[in-house]
Amino acid sequence: MKPKLLITVMALFAAAAFLAAGIVIGVQAKSELEKVAYPGARPLADTADGSLEPNIYYWRKDFYATEAPLYDVYRWYTNKLGMSLRTPWKRGCMTLATQTVRYGIENEMEVTICDGEFERMIILERSFKFSWP
C-alpha cells in the first residue's frame, strides 16, 4: 500500500473513531440528562462545556428550583439514582454524588440541594469522559 494512501486510510479511521465516540457520549449524555432532573422542578439556567483532546470530555451544570420539601428531593436522588452524601448539611446546602464507568465512559454527577425560605435550589453537575487506552 502506498504511504499516502495508508495515511489517508488511517486518518479516515481515526475520524470515524472520534465520530463514533462522540455519538456514544451524546446518547449517554441525553439519556442521563433526562433521568436526573427532579420531577416538576423548574429549570432556571444551564451551562455546558466540552473538548475532544486529549480525551473526549463533556461537562454540564443545570440549575432548578422546586417547592418540594427538602427531604423529598434528597430522598428522590438517593433512592432513584443511588447517590450518597458527599458534603453534609452546611450553610443550608448538602451535596450528593455518584460515579460510574460504563463502556469506557466515566460518568460523574453531583447534586447540591440548598434550602430556601420558599423553594429548594437544585444544582446538577455532570461530566462524561471517554479516555483512550
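Within region 120-131, residues that are under 29 Å from Arg91 (Cα atoms) and modelled with pLDDT of 90 or more have Cβ atoms under 6 Å from residues that are of a type outside the set (D, E, K, R) and outside any strand (DSSP E or B) in these pairs: Arg120/Leu70; Arg120/Val73; Ile122/Tyr38; Ile122/Ala41; Leu124/Val36, counting only partners at least 6 apart in sequence or on another chain.
Pairs are defined by a Cβ separation below 9 Å, a sequence spacing of at least 6 or placement on different chains, a first member in region 63-82 that is within 12 Å of Val36 (Cβ to Cβ) and free of Cβ contacts under 8 Å to residues at least 40 places away in the same chain, and a second member that is outside any helix (DSSP H, G or I) and among the small types (Gly, Ala, Ser); the pairs so defined are Trp76/Ala68. At least 2 residues that are surrounded by 11 or more Cβ atoms within 10 Å (Cβ to Cβ), among the charged types (D, E, K, R) and at pLDDT 90 or above in each: list the strands (runs of 3 or more DSSP E) lying fully within region 19-103 that qualify. The strands (runs of 3 or more DSSP E) meeting that bar are 56-66.
The values are calculated or read from the model by the stated rules, or taken from the named source; none is laboratory data. In this text the structure is predicted, and so the values were computed from the model without any measurement. Cβ: placed from backbone, ideal geometry, glycine included. Neighbour counts: every protein chain shown.
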